[in-house]
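Below: one structure, written as structure tokens.
The values are calculated or read from the model by the stated rules, or taken from the named source; none is laboratory data. As the structure is a prediction and not an experimental result, all values here were calculated from the model. As a convention, Cβ positions derive from the backbone with ideal geometry for all residues, glycine included, and neighbour counts pool all protein chains shown.
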Amino acid sequence: MYSNESRYLKKWLLKLSVRDMRRHEVDKLDKKILSILQEDSRKSYLEMARQLKLSETAIRSRVKKLVENGIIKKFTTIVDWEKIGKTTQAFICLNIGGEMGPVVGSQLVDISEITDIYTVTGDIDLILKVICDNTSHLERIIEKLRSYDFIERTITYVVLRRVKENSRVALQT
């Protein structure tokens, strides 16, 4: 009896992992829905259905699948950080001594002013996007980073003006 349960469990786990590994094929309609939601994630299913000349149920089902398959990561709000007193944006490049393990990531992730962390190729190891109150605040963040033993070097680029800012992914529909 145990061996039958074990075989069943193995079969079920294999089926589950194969299902999870399958990539959702994004078709033309999915791309249209994604484009609409990138423009305004508050748009109702009914409004999208009217715009795309489909039923609300069809749109709801498509969006649900896009979420379930991780294509839509989350619905969020984009804040104009300058209007809430965050006047300084910078990119801080880091050289890390030794391996970049989970300790490095966990310490950097806990700094709330760091909005993005990228591992990159080339002469540096990481690029951090930082949004803070002012240059004094930025200086304190840089000092904090330099206090970590694993950081060998920092190079900071202060943003003077944003020429383009866009979180949308270009989709060919």
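M48 falls short on exactly one of the conditions (1) buried (at least 17 other Cβ atoms within 10 Å of the Cβ); (2) aliphatic (A, V, I, L, M); (3) assigned to a strand (DSSP E or B), and that condition is (3). Search the stretch 151-173 for residues being at pLDDT below 90 and of a type outside the set (A, V, I, L, M), and hand back the single one that is farthest from L37 (Cα to Cα). Only one residue tops the list, namely R162.
Within the stretch 20-71, can you find the residues that are closer than 18 Å to Q172 by Cβ and of a type outside the set (D, E, K, R)? Residues satisfying the conditions are H24, V26, L29, I33, L34, S35, I36, L37, Q38, L52, L66, I71.
You will find that of I59, I111, I141, I92, the residue that is at negative phi and in a strand (DSSP E or B) is I92 and no other. Within the stretch 68-107, track down each residue that is under 16 Å from the mean Cα position of the chain (by Cα) and surrounded by 13 or more Cβ atoms within 10 Å (Cβ to Cβ). N69, I71, I72, G105, listed by residue number.
Taking the listed residues E113, E68, E139, E39, the one that is charged (D, E, K, R), out of contact with any Pro (no Cβ under 7 Å at 6 or more places or on another chain) and in contact (Cβ under 8 Å) with a residue 60 or more places away in the chain is E39, with no other qualifying. So which residues in the stretch 114-134 are more than 21 Å from G85 (Cβ to Cβ) and part of a strand (DSSP E or B), if there are any at all? Across the stretch 114-134, the qualifying residues are I117, Y118, T119, L126, I127.
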